[in-house]
Amino acid sequence: MRRLGQVLLIILISFSHVISGEKDRSDIPDEQRPVEERERGDSVPETLGKVPGALVSFPLKLLFTGARKTARVLDDNGVVLRVTDWLTSADGKRKVRPIFTPLSGGGLAFKQNDLLKPGLRLRASASIGVRTRRDFFIGLRDEALFHPRLGFEASAFHTRKPDEDFFGIGNNSSEANETNYLHRENNVRLGVVSRIGRRSLFSMLATYSDVRIGEGRDRDKPSLDSLFTSQTVPGFFGADVFSTGASFYRDTKDTNGHPTRGGEEFIAFEVGYERGGSEFGYHKATADFSRYFNLFYKRVLALRVRAEVTNSIGDRRIPFFRMSELGGQELLRGYRPVRFRDRDMALAGAEYRWQVQHFAIAYLFVEEGRVFSDLIDEFSLKGFRYSYGGGLRLIGKDRNLITIIEWAKSREQLRFIFRLNVGVKKL
Amino acid sequence: MTRPRQVSRIFLTFLSAFLVAAIWSCAAPKRYVHRPLIQEENDRRSVPRPASRKISLFEDAVENIFNREIDEYGNLSSHIRRLGNNHKEAKNRNALDEAPNSSWFTNRHAVQAMSREELRRGPNLGSGPDFSREVTIVAAKSEGVSPGFRVRDAMGNQYFLKFDIKGFPDLNTAAEVVTTKFVYAAGYNTPENYIAFLDPKRLRIGEGVTVRDKSGKHVPMTQSFVKQILDRIQPNADGTYRAVASKFLPGKPLGPFHFAGLRKDDDNDRIEHQHRRELRGYKVIAAWLNSYDTKANNTLDMYATEDDRSFVRHYFIDFATSLGSSGNGAASAARGKMGSFDLWHSLKKIVTLGLYVEPWEKKPRLINPSVGYFDSELFDPGNYSFIIPNPAFQRATELDGFWGAKIVMAFSDQDIRDIVTTGQYVNQDDAEYIAKTLIERRDETGRYWFAKVNPLARFEISADAGMRPVLRFADLAVAAGFEQAEQTQYRSKWLFQDRPLTGDRMVAATPEIIPDRETLRRLEQAFTPEMVDERRILTVVIETQHRRNGPWSKAVRVHIYVPPAGVGSAELVAIER
């Protein structure tokens, strides 16, 4: 019976063009009939032919039809235009962008150039995340306030990270010693900046930081004080730190987004003291160099080295939150953020980048790094941690970074990272 | 029976049914009758005015990049057609496989050669705008990527003004004017586009002219807004600005048309746009001209009134993204080779870790500022990619491609040079480069599409000195110099009611078929005087071999009406490829 049904179905569909009234082949061909008299739409077999595919594609189509309708509503009401106009200015001086990182959560970043006077730049951002994470930043800079080559910079920063990880100090800190703490910091900074040529900037800044360490909000992990003490971890309760420093930054990249030659150089020196106490005092030197090589047709090899050396001043100690760090988005990406801490660190990385679309850059990277208690005396190639991975960077029309989608692997974990509109200064 | 087996049985049943249907639809030959050729599409009847509409760029992109793609992948009958190489042909073509004249298209240069003056004039009816006196801005230009205004000239005519971007003199304006002329001569409706020179001192903001401010509200247009626009434009040494003045089209604007579906409130719109010959075939013409941005918003429907009839006329309106121009500077060398969201190229680069270098990556970014980037070396007419998938182009078949290629090939070297001069390039070397590139791309186009079908055309029936019927035709591949006449031969078979009149195939070295004595005798027997007039159809099947010992091409079936003795002459009825 079923077989008979199948045969009947075949016959029915085969002859459905006749049933549906479609002209028989023996009749006048369509091309000889006036256009307005020709059949509209598809024949019955063709309509039926769409059914199996339509069933499979229905959920996807529903999604995209939804997207299309939404696009239409947004466009009809000028929402996109209004929001874009509101967020940005046609001359590019003002821009508001959504931002997101797993660490800081989501929020908005705002920039305004030529605020009140030409050359005065305002930057501000605010983001919030789970477990009351928050980051607020506001900064002003005018590189030619006092003289065409001498300006000022001032900024204020507040962060609250309720579930920071701490594994101990040293390159051999164990994953098993993972503890959790709250880091809250208010920070104000003021200083002078001097542009040297078009590509270099020299800054001298004084910073006051109020750092408070408390009990972490991640109840699944032991708290900092369950494994460590103020003796083993300097700065266990936080501290008020006043620091001054100088830095030099030179950017010789040919373009943003997907540089193919040039590089970036950053050198900084900082001295910090505990305000109102004599427990903490340190000085830190940082050097960070990156270079871009166009291998062939914009396939780029990017190399980077970074080193930090932190020393205590006299018999003072270095608060753990001012020590060198490794792990996280810009420093050994395969490890979780601030996986390793010690006085000094060294990092080297290589990244191979290539453009897959005009707005998308794919990359593969490998990097090695380790922390040292004394980089100069103890330096050895042994004990370096490595991570590797790859990802995709999406860049906007202005060649600025929009999105990072990245996979990074280390001996400890495989990390998937998504970031929106938060630039990578280094590799 | 288990459920998966049941499902696979049902699937197989459907599949077999469609295969049978597909074979059935291919099997029976068409029976042409003696009928007048459809040369006009009756789509200019008076209809009520359809509603104006806007098509959002996002909506158009989502619809064409995702929704239609999903539909196409899930369409079983389309896959079966593809398997059987039985693609759905355009629905509005006539029996000679041509597009009849309609509100969309008018057969022009390819059918009846236009004079050099006509080609240079294109759609322009007048001498262009009068900017010698005050020019009044009546609106800001809100569409398109190139900066501009809507103005009223001293004669009271309204024009859209579009300019050259700073650093790219002549680029936008020349591309717009030159492409307009080609598209018009090809047969499409286009606006009148003129190169004009505007003295900014004569520019005045009209009363009540508004622009949208940052919050989306309409606010009066100010001089600072005009200055903002002019700051982006390439000035001439004398302080004037070179512009394309695009004359306001006659009628009421109704918004863009889609390249698929119907405008439901237009009773004249009866053929789904994706099945219109002129829209499918435009793929070839647009590719030739590097007009890679064929989104809906570069089209416009106008509610026009002619001879007391009001109907919708369909226009292509924006050609700033053509030749070497992107409308906002130079076109990228990748344009035409990959779409704006080209998954395949991205995957290829990801999988090969960037080791695979696309040919266009090896090219410079710019030929020069007035030319932008425009080449013929990398032009692949069969695989040209538009930035957003175009549903009509995606359904274009070899016959649509052949039709488009015939139009492209109708432009001689001199025609191309004549039209390019209308771009008024300041540097003659630029004009020569554009013309040379267009000539090379034209030949690539012809070579590709003429090889896809049997490229015989321009069939004529006459009688030789012995009063024997002669079927003469042109071999377009030979005529264009792609194939050698001395290497080419044609073989034919004469059919009556799908049965061969004789068993032998005749071979001819020249593009004309003359029946032999036996065929003539059989013809006389077959076409009896009492035969119904409509059915007196003779079919000549012609195959072509362009190289000795090479393969024979697909057949062209030429259907001829054979009148009773002494009553009129033989007529061409249909051509089947």
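Tabulated values for the structure
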{"quantity": "Count of residues meeting criterion [in a loop (DSSP other than H, G, I, E, B) and farther than 20 Å from A:Val300 by Cβ] in the stretch B:341-369", "calculated": "5"}
{"quantity": "Tabulated pairs, the stretch A:41-57, first within 7 Å of chain B (Cβ to nearest Cβ), second of a type in the set (Val, Ile, Thr), C-beta under 6 angstrom, 6+ apart or interchain", "calculated": "A:Pro45/A:Ile13; A:Ser57/B:Ile70"}
{"quantity": "Whichever residue in the stretch B:269-284 is buried (at least 24 other Cβ atoms within 10 Å of the Cβ) and under 24 Å from B:Ile434 (Cβ atoms) and, among such residues, is farthest from the chain's Cα centre (by Cα)", "calculated": "B:Val284"}
{"quantity": "Selection within the stretch A:92-146 - farther than 25 Å from A:Tyr181 by Cβ, basic (Lys, Arg) and touching a Lys or Arg at 6+ places or on another chain (Cβ under 9 Å)", "calculated": "A:Lys93, A:Arg94, A:Lys95, A:Arg97, A:Lys111, A:Arg121, A:Arg123, A:Arg141"}
{"quantity": "Test for A:Glu368: is it closer than 30 Å to B:His345 by Cβ, part of a strand (DSSP E or B) and assigned by TED's automatic domain parsing to the domain that holds A:Ser125", "calculated": "no"}
{"quantity": "Those residues of the stretch A:357-391 which are within 26 Å of A:Ile402 (Cα to Cα) and away from chain B (no Cβ under 14 Å), in sequence order", "calculated": "A:Glu367, A:Ser387"}
{"quantity": "Any hit, the stretch A:382-397, residues being within 18 Å of A:Asn171 (Cα to Cα) and charged (D, E, K, R)", "calculated": "yes"}
{"quantity": "Lone unmet requirement of (1) modelled with pLDDT of 90 or more; (2) at positive phi for A:Met204", "calculated": "(2)"}
{"quantity": "Some residue of the stretch B:421-428 being touching a strand residue (DSSP E or B) at 6+ places or on another chain (Cβ under 7 Å) and in a strand (DSSP E or B)", "calculated": "no"}
{"quantity": "Scan of the stretch B:37-54 for residues that are farther than 16 Å from B:Asn268 by Cα, modelled with pLDDT of 90 or more and at the interface with chain A (Cβ under 9 Å from one of its Cβ atoms), ordered by number", "calculated": "B:Leu37, B:Ile38"}
{"quantity": "Residue count for the stretch B:460-481, restricted to those that are in a loop (DSSP other than H, G, I, E, B), on the phi < 0 side of the Ramachandran plot and at pLDDT below 90", "calculated": "4"}
{"quantity": "Test: residue in the stretch A:326-339 that is within 14 Å of chain B (Cβ to nearest Cβ) and more than 17 Å from the chain's Cα centre (by Cα)", "calculated": "no"}
{"quantity": "Residue in the stretch A:113-123 that is more than 14 Å from every other protein chain (Cβ to nearest Cβ), within 19 Å of the chain's Cα centre (by Cα) and modelled with pLDDT of 90 or more present", "calculated": "yes"}
{"quantity": "Residue, nearest to the other protein chains (Cβ to nearest Cβ), within the stretch B:224-273, restricted to residues that are free of Cβ contacts under 8 Å to residues at least 12 places away in the same chain and within 22 Å of B:Ala304 (Cβ to Cβ)", "calculated": "B:Leu262"}
{"quantity": "Subset tally (residues that are free of Cβ contacts under 8 Å to residues at least 40 places away in the same chain and more than 21 Å from A:Pro29 (Cβ to Cβ)) for the stretch B:542-577", "calculated": "8"}
{"quantity": "Test set (1) assigned to a strand (DSSP E or B); (2) closer than 30 Å to B:Asn368 by Cα - B:Ala457 fails condition number", "calculated": "(2)"}
{"quantity": "Residues that are of a type in the set (D, E, K, R) and closer than 29 Å to A:Val309 by Cα, drawn from the stretch A:144-180", "calculated": "A:Glu153, A:Arg160, A:Lys161, A:Asp163, A:Glu164, A:Asp165, A:Glu175, A:Glu178"}
{"quantity": "Residue within the stretch A:342-356 that is of a type in the set (A, V, I, L, M, F, W, C) and more than 27 Å from A:Ile405 (Cα to Cα) present", "calculated": "no"}
{"quantity": "Qualifying residue in the stretch B:189-201 (condition: out of contact with any His (no Cβ under 9 Å at 6 or more places or on another chain), assigned to a loop (DSSP other than H, G, I, E, B), among the polar types (S, T, N, Q) and under 30 Å from B:Lys406 (Cβ atoms))", "calculated": "yes"}
{"quantity": "Strands (runs of 3 or more DSSP E) lying entirely in the stretch B:482-577 (those with 3 or more residues that are at pLDDT 90 or above and of a type in the set (S, T, N, Q))", "calculated": "B:537-545"}
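Listed here are the residues, each with its yes/no results for (1) modelled with pLDDT of 95 or more; (2) polar (S, T, N, Q); (3) more than 30 Å from B:Trp104 (Cβ to Cβ).
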position	(1), (2), (3)
B:Arg150	no, no, no
B:Val178	yes, no, no
B:Lys181	yes, no, no
B:Val211	no, no, yes
B:Gly216	no, no, yes
B:Lys227	no, no, yes
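For (1) out of contact with any helix residue (DSSP H, G or I) (no Cβ under 8 Å at 6 or more places or on another chain); (2) over 30 Å from A:Phe289 (Cα atoms); (3) not acidic (Asp, Glu), each residue gets a yes or a no:
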site: A:Ser203; (1), (2), (3): yes, no, yes
site: A:Pro222; (1), (2), (3): yes, yes, yes
site: A:Phe228; (1), (2), (3): yes, yes, yes
site: A:Thr244; (1), (2), (3): yes, no, yes
site: A:Asp251; (1), (2), (3): yes, no, no
site: A:Val271; (1), (2), (3): yes, no, yes
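The values are calculated or read from the model by the stated rules, or taken from the named source; none is laboratory data. Predicted model only: the values in this text are computed from it and were never measured. Heads up, the Cβs are rebuilt from the backbone with ideal geometry, glycines too, and the neighbour counts pull from every protein chain shown.
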